[in-house]
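Q: Once you've had a glance at the structure underneath, I'll fire off some questions.
The values are calculated or read from the model by the stated rules, or taken from the named source; none is laboratory data. Being a predicted model, the structure only gives us computed values, none of them experimental. Please note: Cβ atoms are built from the backbone with ideal geometry, for glycine as well, and neighbour counts cover all protein chains shown. Areas reflect the complete protein model, heavy atoms only, side chains present, ligands, DNA and RNA absent. Shrake-Rupley method; radii C 1.70, N 1.55, O 1.52, S 1.80 Å.
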Amino acid sequence: IADRVRYPEFLSRVMTAEEAAALIPHGVNVGMSGFTGAGYPKALPQAIAARAKAEHAQGKPYKINVWTGASTAAECDGVMAEAHALGQRLPFNTDPIARKAVNSGEIDFIDMHLSHVAQHAWFGFLGHMNIAVIEVLGVTADGLLIPSTAVGNNKTWLEIADKVILEVNTKPPARMEGMHDIYYGTAIPPRRMPINMTHADDRIGDAYLKVDPAKVVAVVETHKGDRDNVFATPDENSQRIAGYIIDFLAHEMKMGRLPKEMLPIQSGVGNVANAVLAGLLTGPFENLLGFTEVLQDGMLDLLRAGKMSKASATSISLSAAAYKDFEDNIDFYRERIILRPQEISNHPELVRRLGIIAMNSMIEADIYGNINSTHVMGTGMMNGIGGSGDFARNGYLSFFVTPSVAKDGKISCIVPMCSHVDHTEHDTQIIVTEQGLADLRGLSPKQRAQVIIDKCAHPDYRAQLQDYFDRSRQQGAQHTPHILTEALSWHQRFMDKGDMRS
Ligand code: 0RQ
C-alpha cells in the first residue's frame, strides 16, 4: 500500500475494515463513493454489515443512511440491505435485495435527479453528513487523492463530511492517474459563475480530489475489481430500436436539423442503449463525442474503433472482458476518456449548451408521451430516475426507448395513462419501440397520441389503445382527452388477472 499511499501521514492511519467500521455509529449519514457498479467501497460495507448483524443479535439498533453517486453492487448495497443496516438510501439503486427492502417499506429511498444530489447536499437540504467512505486509487506525496473508476459525488462528500475513511483499491491500474477532471468552481447561489465548458472534451478542473488531511480517520486497503457489468448480446428488439434511431439521426442530418459533425451522445444503461452504441459502430457517423454519465462497453468499442474521439462521463461501468481491454490499453483510453463529478457530467447548463442527444430507457409511456422510468404498476420502485431527467429535459434531442411489451406480452409498455410520471410529455421528443419510431416534435397532444399508437404500440394492444383514445374523444375537454375512470384500468387488470389484454 505504501506504493499507492505516498503521503506518509496517512500510512499511520491504515487499519482493517472491521476497525474502520467501528468508527461508524448507528444513525449517522454516510456518503459513499460508487456510480453504476463502479468505484464503490468494497471492504467497509461488508464490515458494516457484519457489525449490524452483531449489534442486532444483541438486541441493539444499528442502521445508517447511505448517500452515493448512483448504484453500487451486491458487496455494497446488497450486503448492507441483507443485514438490515440501511435506514435511508439515496439517490439510485439497482441491487435486488435493497430494492426488495425499499418496496417492503424497510428502507426510506429518495429518488433524485443525479445532478441535484451534490447541490442539495451543499444547500443542507439532506441533513448533515457525518462520514464519507471513498474508494481511491492512491494518494500523492502532496496528499491529493487519485480518483477511481467513478467520480460520482466524491468531491462533495469529501468536502462536507466531518470524517473521511479512504479505501485504497490497488486493483485498478495506477496509470489511470490523469484521466479525471475534478471541477472546483461550483458555488452556492447567488454568486454562481457560468461553467466554462463549450466542448464535450474540454478539461476544466484538476486531475485529483482534495481532502483536508485532518479529516481522514482511517485508510483501508482493498484489491478488488468492480462488479462485472455484463450485457446480453443485443436481441432482435434492441437491434430494431437501434436501427430506427440511427436512420432517424441520418435523416435529421440530411434535413439540416442536426449538424454534420454530429452532437455529443448520452446513452442510458441497459441492453437497448448498448445496441444503439453498437449500431453507431457501423453507422455513417465519424468523430463522435460522448457526453454521458456512464461509459459502458459500447462506448469503449466506439473509442477503440476510432469512431468516437473522446468520451466524458462520471463512471466506467464495464463487463469483465471490456475491463480487461481498458486495463491493457490504459494509455490509449486515458487520452480519450474524461471522468468528472456527476454534478458536471449531468449538468443541465452543459447538456443544454453542448446540445446533447439523450437516449434513455423507460418502463412505460402513455399515449400522450408522459414517461414512467421508475415505478412498476405505479407503486414498486425499480431503480430510480438516475440521470435520465437531467439529459431528457435539457438535451437537443431526447429519445425514450422500450420494447413495446413486457412479461411475455402480458404488459403493454404503451398505456392510456402512466401509472407514475418521471418525465412529462414536455420532455419527450421521440419514442421508439421495436414497432417503430414516433417523432412527437411540433405535435399537439391528440396528434401525439395517434402517432404513438400507430408507430409504437404492439399489434396485440393497438386496437385496444385506439378504442380508448376514440372513446375519450367523445367526452370531456378535448385538449388531452381521457376517461379518468378507465385511465389506469389496464394496470388494475394486470394486477387482478395477470394480463393487460382485455
Ligand atoms: O424485468 O428484471 O424481472 O426481467 O423491467 O426491463 O426491458 O430488461 O430493460 O434493463 O433496460 O431497464 C427503465 C428499468 C429499463 C432502466 C429501466 C420489466 C422487465 C424487466 C427491466 P425483470 P428491460 P432495462 C442512465 C439513465 C431509469 C434510469 C435511467 C432504468 C425489467 O433503464 O432504471 O434511465 N431507467 N438512467 O420485464 C412492468 C412494464 C415494464 C416492466 C419492463 N411496463 N411494467 N415491468 N419491465 N417494462 C443510468 C443512470 O442514471 C445511472
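Q: If you go through region 291-299 one residue at a time, do you hit one that is more than 16 Å from the ligand (Cβ to nearest atom) and charged (D, E, K, R)?
A: Keep residues of region 291-299 that are more than 16 Å from the ligand (Cβ to nearest atom), which gives none.
No, region 291-299 contains no residue that is more than 16 Å from the ligand (Cβ to nearest atom) and charged (D, E, K, R).
Q: What number goes with the only condition from (1) more than 29 Å from the chain's Cα centre (by Cα); (2) over 30 Å from Arg352 (Cβ atoms) that Phe494 does not pass?
A: Against the list (1) more than 29 Å from the chain's Cα centre (by Cα); (2) over 30 Å from Arg352 (Cβ atoms), Phe494 comes up short only on (1).
Q: Within region 380-387, can one find any residue that is within 15 Å of Ile265 (Cβ to Cβ) and within 9 Å of the ligand (Cβ to nearest atom)? Break it down into steps so the answer makes sense when it comes.
A: Looking only at region 380-387, we keep the residues that are within 15 Å of Ile265 (Cβ to Cβ), and these are 387.
With the extra rule that they be within 9 Å of the ligand (Cβ to nearest atom), the set shrinks to 387.
Looking for residues that are within 15 Å of Ile265 (Cβ to Cβ) and within 9 Å of the ligand (Cβ to nearest atom), one finds at least one in region 380-387, hence yes.
Q: Does region 446-462 contain at least one residue that is within 19 Å of Ser373 (Cβ to Cβ), open to solvent by 10 Å² or more (accessible area, probe 1.4 Å) and charged (D, E, K, R)?
A: Scanning region 446-462 turns up at least one residue that is within 19 Å of Ser373 (Cβ to Cβ), open to solvent by 10 Å² or more (accessible area, probe 1.4 Å) and charged (D, E, K, R).
Q: Let me ask you something else. Against the definition (under 27 Å from Ala98 (Cβ atoms) and either more than 9 Å from the ligand (Cβ to nearest atom) or open to solvent by 10 Å² or more (accessible area, probe 1.4 Å) (or both)), how does Cys413 come out, yes or no? Working first, answer last.
A: Working: under 27 Å from Ala98 (Cβ atoms): yes; either more than 9 Å from the ligand (Cβ to nearest atom) or open to solvent by 10 Å² or more (accessible area, probe 1.4 Å) (or both): no.
Judged against the criteria, Cys413 is not a match.
Q: Moving on. Taking only region 320-361 into account, find how many residues are open to solvent by 20 Å² or more (accessible area, probe 1.4 Å) and part of a loop (DSSP other than H, G, I, E, B). Please lay out each step first, then the result.
A: To start, the set of residues in region 320-361 that are open to solvent by 20 Å² or more (accessible area, probe 1.4 Å) comprises 320-321, 323-325, 327-329, 331-332, 334-336, 347-349, 352-353, 361.
Cutting the leftovers down to part of a loop (DSSP other than H, G, I, E, B) gives us 329, 335-336, 347.
Adding up the residues that qualify gives 4.
Q: Does any residue of region 126-146 turn out to be of a type in the set (Asp, Glu), within 18 Å of the chain's Cα centre (by Cα) and open to solvent by less than 10 Å² (accessible area, probe 1.4 Å)? Steps first, answer last, please.
A: In the first step, residues of region 126-146 are kept if they are of a type in the set (Asp, Glu); the result is 135, 142.
If we keep only those that are within 18 Å of the chain's Cα centre (by Cα) too, we end up with none.
Among the residues of region 126-146, not one is of a type in the set (Asp, Glu), within 18 Å of the chain's Cα centre (by Cα) and open to solvent by less than 10 Å² (accessible area, probe 1.4 Å), which makes the answer no.
Q: Something else: Just name the residue that is farthest from the ligand (Cβ to nearest atom) out of those in region 395-410 that are open to solvent by less than 20 Å² (accessible area, probe 1.4 Å) and within 21 Å of the chain's Cα centre (by Cα). Give the steps one after another, and end with the answer.
A: Going through region 395-410, the residues open to solvent by less than 20 Å² (accessible area, probe 1.4 Å) turn out to be 395, 397-402, 404, 409.
Retained after the next criterion (residues that are within 21 Å of the chain's Cα centre (by Cα)): 395, 397-402.
Details: Gly395: 12, Leu397: 16, Ser398: 12, Phe399: 11, Phe400: 9, Val401: 8, Thr402: 6 Å.
Across region 395-410, the extreme among qualifying residues is Leu397.
Q: Could you check how many residues of region 306-319 are surrounded by fewer than 24 Cβ atoms within 10 Å (Cβ to Cβ), farther than 22 Å from Ala207 by Cα and at pLDDT 95 or above?
A: Step one: list which residues in region 306-319 are surrounded by fewer than 24 Cβ atoms within 10 Å (Cβ to Cβ), which gives 306-307, 309-310, 319.
From the residues that got through so far, the ones that are farther than 22 Å from Ala207 by Cα too are 306-307, 319.
Right, trim to at pLDDT 95 or above and you get 306-307.
So the answer is 2.
Q: Go through region 287-312 and give me each residue that's of a type outside the set (Phe, Trp, Tyr) and in a strand (DSSP E or B). First the steps, then the outcome.
A: In the first step, residues of region 287-312 are kept if they are of a type outside the set (Phe, Trp, Tyr); the result is 287-290, 292-312.
Result: Leu288, Leu289, Gly290, Val294, Leu295, Met308, Ser309, Lys310, Ala311, Ser312.
Q: Return the total of residues in region 491-502 being touching a residue at least 24 places away in the same chain (Cβ under 8 Å) and either under 15 Å from Ala449 (Cβ atoms) or among the acidic types (Asp, Glu) (or both). Break it down stepwise before answering.
A: So the first thing to find is which residues in region 491-502 are touching a residue at least 24 places away in the same chain (Cβ under 8 Å), and the list is 491, 494-495, 498-502.
The next check asks that each one be either under 15 Å from Ala449 (Cβ atoms) or among the acidic types (Asp, Glu) (or both); those that pass are 499.
Going through region 491-502 one residue at a time, the tally reaches 1.
Q: Name the pairs whose Cβ atoms lie under 6 Å apart, with the first residue in region 109-125 and at pLDDT below 95, the second open to solvent by 10 Å² or more (accessible area, probe 1.4 Å), and 6 or more positions between them or separate chains?
A: Every condition considered, no pair remains.
Q: Also, I was wondering about something else. Output the residue which, of all residues in region 46-78 that are within 21 Å of the chain's Cα centre (by Cα) and over 24 Å from Glu343 (Cα atoms), is farthest from the ligand (Cβ to nearest atom).
A: Quick first cut of region 46-78, residues within 21 Å of the chain's Cα centre (by Cα) only: 65-78.
So of that shortlist, the ones also over 24 Å from Glu343 (Cα atoms) come out as 74-75, 78.
Numbers: Ala74: 15, Glu75: 18, Gly78: 16 Å.
So, considering only residues that are within 21 Å of the chain's Cα centre (by Cα) and over 24 Å from Glu343 (Cα atoms), the one farthest from the ligand (Cβ to nearest atom) is Glu75.
Residue-by-condition table, conditions (1) of a type in the set (Ser, Thr, Tyr); (2) not in a strand (DSSP E or B):
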{"residue": "Gly138", "(1), (2)": "no, no"}
{"residue": "Trp157", "(1), (2)": "no, yes"}
{"residue": "Thr186", "(1), (2)": "yes, yes"}
{"residue": "Arg192", "(1), (2)": "no, yes"}
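Q: Within region 463-472, identify whether any single residue is within 16 Å of the ligand (Cβ to nearest atom) and more than 18 Å from Glu236 (Cα to Cα), and answer yes or no. Reasoning before the result, please.
A: Step one: of region 463-472, the residues within 16 Å of the ligand (Cβ to nearest atom) are 464-465.
If we keep only those that are more than 18 Å from Glu236 (Cα to Cα) as well, we get 464-465.
Yes, because at least one residue in region 463-472 is within 16 Å of the ligand (Cβ to nearest atom) and more than 18 Å from Glu236 (Cα to Cα).
Q: Another question about this same structure. Would you say Lys63 is without any contact (Cβ under 8 Å) to a residue 40 or more places away in the chain and in contact with a Gly (Cβ under 8 Å, 6 or more places away or on another chain)?
A: On the way: without any contact (Cβ under 8 Å) to a residue 40 or more places away in the chain: yes; in contact with a Gly (Cβ under 8 Å, 6 or more places away or on another chain): yes.
Yes; evaluated as a whole, the condition is true for this residue.
Q: Just for helices (runs of 4 or more DSSP H) wholly inside region 1-80: which have at least 3 residues that are modelled with pLDDT of 95 or more and open to solvent by 30 Å² or more (accessible area, probe 1.4 Å)?
A: Filter on region 1-80 gives 8-11, 44-57.
Q: Then there is this: Quickly run through region 97-114 and pick out the residues that are β-branched (Val, Ile, Thr) and part of a loop (DSSP other than H, G, I, E, B).
A: The initial filter retains those residues of region 97-114 that are β-branched (Val, Ile, Thr), namely 97, 102, 107, 110.
Ile107, Ile110 - these are the residues of region 97-114 that are β-branched (Val, Ile, Thr) and part of a loop (DSSP other than H, G, I, E, B).
Q: For Gly436, which of the numbered conditions (1) closer than 20 Å to Val276 by Cα; (2) crowded, with 21+ Cβ neighbours inside 10 Å fails to hold?
A: (2)
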